[in-house]
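Asks: Quick one: this structure, given as structure tokens, is what I'll be asking you about.
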Amino acid sequence: MNTPGLTSVVVVLADSGPFTRECVDHALASDVPVEVIVVDNGSTDCVPESLDRAYAGDDRVRVVYNRANLGFGPAVNRGAAQARGERLLILNPDCLVEPDTIARMSAHIDVHTGIVGAVVCDNEGHPDPASRRRDPLLARALRTKLGLAGDAGIDIQGPIPSGAEEVEIVSGAIMLIPRQVFDRLAGFDETYFLHCEDMDLCRRARDAGYRVVLSGDVRVLHGKGGSSRHRPVFVSRHKHRSMYLWFRRHDPSARNPFVRWAVWLGIWSHFLLKIPGQLMRKPR
């Protein structure tokens, strides 16, 4: 049974590094009631165990051990299954929220709202274009890749408004979702192991009649994934697989078998071409 007024913060780990402790501390400092559910995908860096010890006396924090890397979406779903809040905040372990972040994002929720995102920024305060995007349909993706997009590409041009803006996609680094909406959508699609599951959830929310909203007045520091830096080829492989999966499920052009084959070939060729550079940059 959901607890009125409570927000359940779900944080997924996969060798995400010590920055996670700061992420949890910031979430617990929220000026609204929260619980934090940390879901570990088989980390070997001992961070989940250290969090378990550090918050042993705080019943607002729970650590869930999967003992294997199930993928991001499946891990969120398992955390959500244990959540008691009427709202879920999906939060990357390298994101830092401010005390009023959840309250300000919640202010944009009404009966028609399915997902609320925030403006994720790098260490210098520059907004990530992925904070708000359009569906990566094939025509849009090609125009963006060729530099011909303008206002018809994936990225949304122009300044970010200071209030709510209805968009097609918000970043999965931070998503606030009413529990009843999450349950109606059956959570994240678990066939996505990593990447694009946020785009899929936003698309399915819109298809179900809900609005996806960017909270343009909320900025969140995003440190850009420690897990990705340690396993770049692994992450890239799943990212490219998820890109094709999203295309097959949501892009009308995928109905054409020739186009479908060409997109498959293009995606996996791009993956292979990136491997040498990723191996050279891989941390030792």
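Asks: Is it the case that Ile174 is in contact with a Lys or Arg (Cβ under 6 Å, 6 or more places away or on another chain), on the phi < 0 side of the Ramachandran plot and hydrophobic (A, V, I, L, M, F, W, C)?
Replies: Answer is no for this residue.
Asks: Among the residues of the stretch 130-144, write down those that are among the charged types (D, E, K, R) and either loosely packed, with under 13 Cβ neighbours inside 10 Å or at pLDDT 90 or above (or both).
Replies: Listed by number, the residues that qualify are Arg132, Arg133, Arg134, Asp135, Arg140.
Asks: Could you tell me whether the stretch 126-140 includes any residue that is in the same structural domain as Gly209 (by TED's automatic domain parsing) and more than 25 Å from His270 (Cβ to Cβ)?
Replies: yes
Asks: Can you pull out every residue in the stretch 14-32 that is touching a helix residue (DSSP H, G or I) at 6+ places or on another chain (Cβ under 6 Å), crowded, with 18+ Cβ neighbours inside 10 Å and modelled with pLDDT of 95 or more?
Replies: Ser30 - this is the single residue of the stretch 14-32 that is touching a helix residue (DSSP H, G or I) at 6+ places or on another chain (Cβ under 6 Å), crowded, with 18+ Cβ neighbours inside 10 Å and modelled with pLDDT of 95 or more.
Asks: So, one more: Go through (1) more than 25 Å from the chain's Cα centre (by Cα); (2) surrounded by 13 or more Cβ atoms within 10 Å (Cβ to Cβ); (3) charged (D, E, K, R) one by one and return the number of the condition Arg255 breaks.
Replies: (2)
Asks: Here's something else I'd like to know. For the stretch 47-87, name all the residues that are closer than 17 Å to Phe193 by Cβ and either out of contact with any strand residue (DSSP E or B) (no Cβ under 9 Å at 6 or more places or on another chain) or not basic (Lys, Arg) (or both).
Replies: Of everything in the stretch 47-87, those that are closer than 17 Å to Phe193 by Cβ and either out of contact with any strand residue (DSSP E or B) (no Cβ under 9 Å at 6 or more places or on another chain) or not basic (Lys, Arg) (or both) turn out to be Asn66, Ala68, Asn69, Leu70, Gly71, Phe72, Gly73, Pro74, Ala75, Val76, Asn77, Gly79.
Asks: Further, regarding this structure: Quickly run through the stretch 124-158 and pick out the residues that are closer than 26 Å to Ser242 by Cβ, outside any loop (DSSP other than H, G, I, E, B) and either within 15 Å of the chain's Cα centre (by Cα) or not charged (D, E, K, R) (or both).
Replies: Pro127, Pro129, Ala130, Ser131, Arg132, Arg133, Leu138, Ala139, Ala141, Leu142, Thr144, Ala152
Asks: Okay, moving on. Whether any residue in the stretch 86-103 is exposed (fewer than 15 other Cβ atoms within 10 Å of the Cβ), free of Cβ contacts under 8 Å to residues at least 40 places away in the same chain and not charged (D, E, K, R) is what I want to check.
Replies: Within the stretch 86-103, not a single residue is exposed (fewer than 15 other Cβ atoms within 10 Å of the Cβ), free of Cβ contacts under 8 Å to residues at least 40 places away in the same chain and not charged (D, E, K, R).
Asks: Hey, another quick one. Run down Gly57, Gly42, Gly79, Gly73 and say which single residue is out of contact with any Pro (no Cβ under 9 Å at 6 or more places or on another chain) and farther than 23 Å from Gly187 by Cβ.
Replies: Gly57
Asks: Additional query: Within the stretch 33-48, track down each residue that is modelled with pLDDT under 95 and either in contact with a His (Cβ under 8 Å, 6 or more places away or on another chain) or exposed (fewer than 15 other Cβ atoms within 10 Å of the Cβ) (or both).
Replies: Those that are modelled with pLDDT under 95 and either in contact with a His (Cβ under 8 Å, 6 or more places away or on another chain) or exposed (fewer than 15 other Cβ atoms within 10 Å of the Cβ) (or both): Thr44, Cys46.
Asks: Here is a follow-up. Would you pick out the residues in the stretch 95-123 that are part of a loop (DSSP other than H, G, I, E, B) and either in contact with a Ser or Thr (Cβ under 7 Å, 6 or more places away or on another chain) or not charged (D, E, K, R) (or both)?
Replies: Across the stretch 95-123, the qualifying residues are Val97, Pro99, Ala107, His108, Ile109, Val111, His112, Asn123.
The values are calculated or read from the model by the stated rules, or taken from the named source; none is laboratory data. Computed from a prediction, not measured in an experiment: that's the story for all the values here. FYI the Cβ positions are ideal-geometry reconstructions off the backbone, even for glycines, and counts take in every protein chain you see.
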